[in-house]
Every structure is written in C-alpha cells, then in structure tokens.
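Read through the structure below, which is laid out as structure tokens, and then see the notes.
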Amino acid sequence: MGVTDPAGPVMDRDEVDRALARLGAEHEAIETSLLALQDHAGRRLLEGAELTGTTKERWTAAEASITLLWAYFDAYAGALRSAREIRARRRWSSRDDLVELTELLRGESVTVAGGATAAATANAPTLLSAAGRLSERFTLAALVERMNELYAGSLDLVVAADTVWSALPARIDLLAAELQRTRKLAHSVGVRPGEHPAGDDLERITHTLTRLRERVISDPLAFWVPAAGSSAPGGGRPDTTVYDREARALEDVRREIDAVLTVRQDAEQRLVRLRDVLSRADRTLAEARTARGEVLAKIAATEVPVVGGPPTVLQERLATAAEYRRQAQWHRLSPLLESLERQADDELLRARESLTAVTAPLAVRAELRGRLDAYKAKVARHGLAEDSLLVERYDAARRMLWSAPCDLRVAEQAVLRYQQAAAELLGTPRVPQQGGPQDGRGSSQP
C-alpha cells in the first residue's frame with residue numbers, strides 16, 4: 001500500500017494526470033491487499049473459532065479495524081472516482097477544474113461517515129483518536145496512511161494466529177500420538193499410574209498436552225513471541241516452551257520404559273547370575289567356618305575372627321525378584337535387580353575377606369614350613385646336613401610346626417634360629433635376630 005503526495009499549490013494538468021495515475025495504481029494495490037486479507041485462511045479461522053483470552057480481545061479490535069478499513073477504502077474510491085469525473089469533463093481542464101482537483105487530491109476532501117468510525121471506535125478505542133465525532137475528514141495521503149496502519153495491525157494479528165495454528169496443533173498431535181504408543185508399551189510392561197513414577201509422568205503429560213492443545217486452538221496469540229525490532233506483519237515465532245518441556249519429559253519416560261524392557265529381556269539371565277553369586281558367597285562362608293575350626297584346633301595363642309552366616313534377607317529379596325518376574329512386574333523388578341546385584345557382589349567380597357582372615361594363621365604356618373624345608377635343602381647341598389646344631393634346631397622347629405596346637409610365635413623363633421645357624425655355617429649374611437638368649441656359637445638357643 002502506497003502514500004500520496006503531500007498538499008501543495010494548484011496543480012497543472014500534467015500533475016493532475018500523474019496524481020490520478022498514481023492514485024489509480026494505489027487503489028488497485030489497496031483493493032488487492034484488502035481482498036487478500038479477506039480471503040486469508042487465518043482470518044477465516046479467527047472468524048469461525050471460539051476464541052478466548054488475548055486472542056478474543058485482539059480479534060474483536062481487529063474485526064473493527066477491518067470493517068473501518070473497508071469504509072476508508074470506499075471513501076478513498078469515491079474520492080478517486082470524483083476526481084476522474086472532473087478530469088473527464090473536458091480535454092483541457094479549466095482553472096476552476098484544476099483548483100477543484102487540487103483541493104480533492106491534496107486537501108482534506110475525503111469524509112468518512114460517523115456511523116462507521118463510531119462503531120469501530122466502540123470496539124477498538126485505541127485505534128482512533130476521533131472518538132465521539134460524527135465524521136472524519138482526511139486528505140488522500142492521510143487516509144492511505146491510516147489504512148496502512150490498520151491493515152498492518154490486522155494482518156500482523158491474522159498472520160500470527162495462523163502461524164501458531166499451523167505449527168503447534170500439528171506438533172502437539174504428533175507428540176500425542178507418540179504418547180499413546182508409549183502408554184500402550186508402558187502398560188504392557190506394568191508401568192501404570194500410581195504404580196511407577198513413569199506411569200504418573202505419562203498421565204501428567206497427557207493432561208498437559210490436552211490442555212495445551214485446547215488453549216492453542218482458542219487463544220493462539222497467547223503462544224506468539226513477536227520478533228524484537230521487527231515491523232513486518234507476522235514477525236515473530238510460536239512459543240513452544242510448554243511443548244518442548246513435555247517432549248523432553250516424554251523422551252525421559254521412553255528411556256525409562258526401554259530400561260524396563262531391557263530388564264524383561266535379560267531378567268532370567270540376571271537372576272541366574274544372582275543365584276550363582278549368592279551360592280558362591282554361601283560356599284565361601286561355609287569354607288571359612290570349617291577353616292576357623294581347623295585353625296582353632298591347630299594354631300595356639302591366636303585370635304581367629306568369627307565368621308557370620310549368610311544374610312537371609314538377600315535370599316528373601318531374590319525370591320521376591322523371581323516372583324516379580326513370574327508376574328511380569330518388570331517396573332518393580334528393574335530397581336530390585338540393580339540393588340540385589342550390588343549387594344550380592346558385596347556379600348561375595350565379604351565372604352572371601354572372611355575366608356582370607358580366618359585362614360591367615362594357616363598361611364603363616366605353611367610359609368614357615370616352606371622356609372624351614374628350603375633352608376634344610378640348601379644346607380644339604382653344601383654337605384652340612386649332619387651338623388649336630390643344625391639337626392637339633394631343625395628338629396625343634398619341625399616339632400613345633402608339625403604339632404597341634406602350633407604356637408606360631410614360638411615356631412617362628414625356632415625357624416629363625418635354624419636360619420641363623422645355617423647362615424653362619426654357609427658364611428652368608430646373618431638372618432636378623434628376633435631376640436632371645438645366645439648360645440656359645442652366637443646363635444639363639446632353641
């Protein structure tokens with residue numbers, strides 16, 4: 001839509017003809033724009049929709065603006081028609097004709113009846129500054145400027161509403177369809193509202209999407225974010241904050257359901273592994289208890305830790321897990337299996353640590369026996385096996401290590417004295433002494 005020239009002195013014939021040509025082109029452009037606005041899909045949707053909130057308020061004002069636009073256009077067309085008729089009176093316009101044409105083309109010659117402006121003002125008081133007047137007078141330039149303002153505001157609203165309607169409901173419907181598929185899948189694995197957090201999330205997302213779609217349909221402008229600094233009609237974007245949040249929430253639920261499905265697929269294998277781990281823990285604890293009895297019988301003067309029994313609570317929870325699997329309660333089985341797997345591994349580690357702690361004295365005795373025999377073999381290789389001191393100290397150490405109960409502290413001292421005597425005979429560095437009286441050859445007495 002264009003803008004006419006400002007007022008000026010009396011126009012000559014050439015100026016009049018050029019102005020009429022320009023105004024004719026403007027008339028066609030304005031009419032084309034108004035008809036396009038009249039046929040715009042967004043405007044038709046706004047007319048037929050049950051609007052609420054911001055959209056209802058603004059559309060009421062926009063309808064009044066569009067009505068006023070047509071009134072202004074009719075007045076504009078009437079002024080142009082009158083000017084053409086005056087110019088058509090004679091080929092060479094007279095001075096009076098030119099004065100009249102100048103006043104018509106540049107002066108405040110266009111009058112809009114008060115009925116149209118009053119109706120529009122009542123519905124959209126912010127659009128007009130002439131509220132209460134019986135009529136309004138405009139120059140053609142001012143009238144075009146006013147029509148441009150009303151047209152831009154009306155088109156901006158129509159385009160914004162149409163953009164929101166074209167974008168959000170379709171996306172909400174696609175998300176709702178995905179939501180329904182997810183709900184069916186969730187139901188098949190026992191994820192239901194009130195029984196699993198993901199089921200509660202699905203219920204909340206369903207209600208939110210339903211309310212969101214209803215509000216988008218009735219109040220699209222509530223979901224419109226104008227572009228900063230943009231003056232073009234429809235400059236902006238739909239506000240998808242709520243939609244995006246629910247889409248992310250649904251994605252989180254889908255991942256949760258995928259985890260439950262994974263549990264359904266490998267539940268039996270995980271249960272078998274759990275039974276195996278707990279069985280190994282029980283066997284290890286049983287072995288530790290047997291070993292403790294052996295240590296108490298064979299080793300003297302030592303503290304042997306008590307071995308606890310297998311925790312029955314794990315077996316009970318394992319039985320519960322198996323029951324969940326039989327009843328296809330995958331949403332309950334999933335967290336229970338994860339917890340059981342951690343606890344079963346911890347229990348096996350505890351059992352192994354108990355066995356290690358209980359059998360430590362036997363390991364010490366075995367190490368002393370091995371050390372004693374190793375030194376005896378070394379002495380024999382050097383032809384000193386019959387040395388009386390070595391024989392005496394070997395026999396003393398052996399009696400201690402192969403008798404029950406064995407005092408490990410005393411037995412260790414005996415082995416150490418044998419090592420020291422052997423080291424002196426072989427001429428090797430002395431074995432560090434552990435204390436005790438010395439015999440005549442510089443070695444500890446047995």
Selection from segment 53-91 of residues under 25 Å from T111 (Cβ atoms), surrounded by 18 or more Cβ atoms within 10 Å (Cβ to Cβ) and aromatic (F, W, Y) yields Y72, F73, Y76
The number of residues in segment 385-399 that are open to solvent by 70 Å² or more (accessible area, probe 1.4 Å), part of a helix (DSSP H, G or I) and either farther than 16 Å from Q413 by Cβ or of a type in the set (G, A, S) (or both) is 1
Among residues of segment 380-389 being at pLDDT below 85 and either under 60 Å from the mean Cα position of the chain (by Cα) or of a type in the set (A, V, I, L, M, F, W, C) (or both), the residue nearest to K298 (Cα to Cα) is A385
Looking across segment 236-280 at residues that are open to solvent by less than 80 Å² (accessible area, probe 1.4 Å) and outside any helix (DSSP H, G or I), the single one that is farthest from P226 (Cα to Cα) is T240
Could you tell me whether A161 is crowded, with 22+ Cβ neighbours inside 10 Å and under 17 Å from I66 (Cα atoms)? yes
Those residues of segment 404-413 which are open to solvent by 50 Å² or more (accessible area, probe 1.4 Å) and closer than 17 Å to L296 by Cβ amount to A404, P405, D407, R409
Return yes when D74 is in contact (Cβ under 8 Å) with a residue 40 or more places away in the chain, out of contact with any helix residue (DSSP H, G or I) (no Cβ under 6 Å at 6 or more places or on another chain) and among the acidic types (D, E) and no when it is not. no
Within segment 197-228, the count of residues that are outside any helix (DSSP H, G or I) and among the hydrophobic types (A, V, I, L, M, F, W, C) comes to 4
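The values are calculated or read from the model by the stated rules, or taken from the named source; none is laboratory data. Here the structure is a predicted model, which means the values were calculated and not measured. No Cβ is skipped: glycine too gets one built from the backbone with ideal geometry, and neighbour counts run over all protein chains shown. The protein model used for the area step is the full one, side chains on, heavy atoms only, and it has no ligands, DNA or RNA in it. Shrake-Rupley method; radii C 1.70, N 1.55, O 1.52, S 1.80 Å.
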